[in-house]
Amino acid sequence: MLIGGIACRFEKAGGRVRLYIMTLGVLAPYRGRGVGQRLLVRALTEGAKENVEDVYLHVQARRTQPSLAARPSPAAPQVINTEAVEFYKKFGFEVKERIAGYYKRLDPPDCFLLSRSMSDWSPPQLALPGDDTSDRTLDAP
Ligand SMILES: CC(C)(COP(=O)(O)OP(=O)(O)OC[C@H]1O[C@@H](n2cnc3c(N)ncnc32)[C@H](O)[C@@H]1OP(=O)(O)O)[C@@H](O)C(=O)NCCC(=O)NCCS
């Protein structure tokens, strides 16, 4: 069963090469187990081989569902897709801007533009609990 995936493309323009992450996702029951970071690190490593200048992506500015106990008042600021942004920050990405109306078929339509320069990229050592190989079958949760 496929539990996660990443799709990227190289963009070449004006002598510059960039890597655009089109999508990255891990099935909910398998999140928090190191799958997402393996996919991202693999993509950045492939990008480094092609001498990409930077890597960028868009993250939907969707609302994180508040728990009933922690439901904010209508005046309180909303928590916005903290999971994805925190995930990417861990790998050196920065939020560059919020783009209103970026998505035509998603609600909310706004997104954050995140990017990281590849000038300081070096692949981190990744390990899953009990893992001593790069390929491993994850047990069902
Ligand atoms: C974002 C996403 C890909 C992360 O995948 P994942 O397999 O759960 O991530 P990992 O287990 O590899 O986590 C790597 C690190 O990211 C951070 N992270 C991951 N999920 C997080 C969360 N919910 N909140 C805060 N930090 C988080 C953690 O620091 C984690 O490292 P840790 O071992 O120190 O906890 C996954 O949550 C997902 O598919 N989300 C829905 C789709 C999406 O938003 N994609 C991004 C836009 S393209």
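The values are calculated or read from the model by the stated rules, or taken from the named source; none is laboratory data. These numbers were taken from a predicted model, which means no experiment stands behind them. Glycine gets a Cβ as well: all are built from the backbone with ideal geometry, and neighbour counts include every protein chain shown.
Give the residue that is nearest to Tyr88 (Cα to Cα), with candidates limited to residues of the stretch 8-23 that are out of contact with any helix residue (DSSP H, G or I) (no Cβ under 6 Å at 6 or more places or on another chain) and surrounded by 12 or more Cβ atoms within 10 Å (Cβ to Cβ).
Residues of the stretch 8-23 that are out of contact with any helix residue (DSSP H, G or I) (no Cβ under 6 Å at 6 or more places or on another chain), as a first pass: 9-18, 20-23.
Keeping just the survivors that are surrounded by 12 or more Cβ atoms within 10 Å (Cβ to Cβ) gives 10-11, 17-18, 20-21.
Numbers: Phe10: 19, Glu11: 20, Val17: 20, Arg18: 17, Tyr20: 14, Ile21: 11 Å.
Within the stretch 8-23, the match that is nearest to Tyr88 (Cα to Cα) is Ile21.
Considering only residues that are of a type in the set (A, V, I, L, M), within 10 Å of the ligand (Cβ to nearest atom), over 10 Å from the mean Cα position of the chain (by Cα) and surrounded by 12 or more Cβ atoms within 10 Å (Cβ to Cβ), which ones fall in the stretch 27-62?
Across the stretch 27-62, the qualifying residues are Leu27, Val35, Val41.
Anything in the stretch 15-26 that is more than 11 Å from the ligand (Cβ to nearest atom) and either more than 10 Å from Val52 (Cβ to Cβ) or among the aliphatic types (A, V, I, L, M) (or both)? List them, or say none.
Answer for the stretch 15-26, where residues must be more than 11 Å from the ligand (Cβ to nearest atom) and either more than 10 Å from Val52 (Cβ to Cβ) or among the aliphatic types (A, V, I, L, M) (or both): Gly15, Val17, Leu19.
Go through (1) away from the ligand (no atom under 13 Å from the Cβ); (2) within 25 Å of Arg105 (Cα to Cα) one by one and return the number of the condition Lys12 breaks.
So Lys12 meets the others, but not (2).
Within the stretch 97-119, which residues are within 15 Å of the ligand (Cβ to nearest atom) and outside any loop (DSSP other than H, G, I, E, B)?
Arg98, Ile99, Cys111, Phe112, Leu113, Leu114, Ser115, Arg116
If I filter the stretch 120-131 for residues that are at pLDDT below 70 and surrounded by 15 or more Cβ atoms within 10 Å (Cβ to Cβ), do I get at least one hit?
yes
Would you please name the residue that is farthest from Pro141 (Cα to Cα), looking only at residues in the stretch 41-59 that are touching a helix residue (DSSP H, G or I) at 6+ places or on another chain (Cβ under 8 Å) and either free of Cβ contacts under 8 Å to residues at least 60 places away in the same chain or part of a loop (DSSP other than H, G, I, E, B) (or both)?
Only one residue fits best here, namely Leu57.
Could you check the stretch 13-30 and list, in sequence order, the residues that are basic (Lys, Arg) and modelled with pLDDT of 95 or more?
We begin by selecting, within the stretch 13-30, every residue basic (Lys, Arg); these are 16, 18.
Within the stretch 13-30, just Arg18 meets the criteria.
Considering the stretch 70-96 alone, what residues qualify as being at pLDDT 90 or above, not aliphatic (A, V, I, L, M) and not in a strand (DSSP E or B)? Talk me through it step by step, then tell me what you get.
Initially, the stretch 70-96 is screened for residues at pLDDT 90 or above, giving 84-96.
Filter once more, so that each one left must be not aliphatic (A, V, I, L, M): 86-94, 96.
Within the stretch 70-96, Glu86, Phe87, Tyr88, Lys89, Lys90, Phe91, Gly92, Phe93 meet the criteria.
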